[in-house]
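**Q** Below you will find the structure I want to go over with you.
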Amino acid sequence: MTGSKNQCINWLLESEADIFDVKVHKEQRNKKQNDKYYKLLNELAKKLKKGWREIHFDMLKNYSVAYEMMVPEETEIRGIEYYEKKSTIIKNGKKFNVYHVYTPSHELKTDEFAILLDGLIHECKQQGIDTRSSEEIERDSRLYEKNND
């Protein structure tokens, strides 16, 4: 069920079920943003002769939401996709590894994904890659033809 706070409360009160899973609604990036991101990511990977996953991780490190996490040295990290060990510290006589953890692109809110996409566009432009979508190229071609008739 998706609705306002009051709509959800009323729906819950009228429901027969005993257990619910409640999530805060967040706007997801749209398909066009996603398509453009992965198209440009692959083009940049080809240009730099690197794997797209490596370039994607670089983009997350430079343009995604990140936080630090302190983990006891003997603990194995599981369930976190993108992270880097930054240092080891001793606190209260115990060793901890400090990690930078980067939010995966599929978990970014619309505005956060826009920052990631803008960063990728910037990186592509530095490499001389045309960053326009196919729709933008088609529109620009029509305008060019119209202005040169």
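**Q** I want to confirm something. Restricting to segment 75-89 and keeping residues that are β-branched (Val, Ile, Thr) and at pLDDT below 95, which single residue is nearest to Met59 (Cα to Cα)?
**A** That would be Ile80.
**Q** Take the residues of segment 28-48 that are part of a helix (DSSP H, G or I), under 18 Å from Glu81 (Cβ atoms) and of a type outside the set (Phe, Trp, Tyr): which is modelled with the highest pLDDT?
**A** Checked segment 28-48; the qualifying residue modelled with the highest pLDDT is Leu41.
**Q** Please go through segment 35-54 and give me each residue that is touching a Leu at 6+ places or on another chain (Cβ under 8 Å) and either free of Cβ contacts under 8 Å to residues at least 40 places away in the same chain or not aromatic (Phe, Trp, Tyr) (or both), ordered by number.
**A** Answer for segment 35-54, where residues must be touching a Leu at 6+ places or on another chain (Cβ under 8 Å) and either free of Cβ contacts under 8 Å to residues at least 40 places away in the same chain or not aromatic (Phe, Trp, Tyr) (or both): Lys36, Leu40, Leu41, Leu44, Trp52.
The values are calculated or read from the model by the stated rules, or taken from the named source; none is laboratory data. Owing to the predicted nature of the structure, the values given are computational and were not obtained by experimental measurement. With ideal geometry, Cβ positions are generated from the backbone for all residues, glycine too; neighbour counts draw on all protein chains shown.
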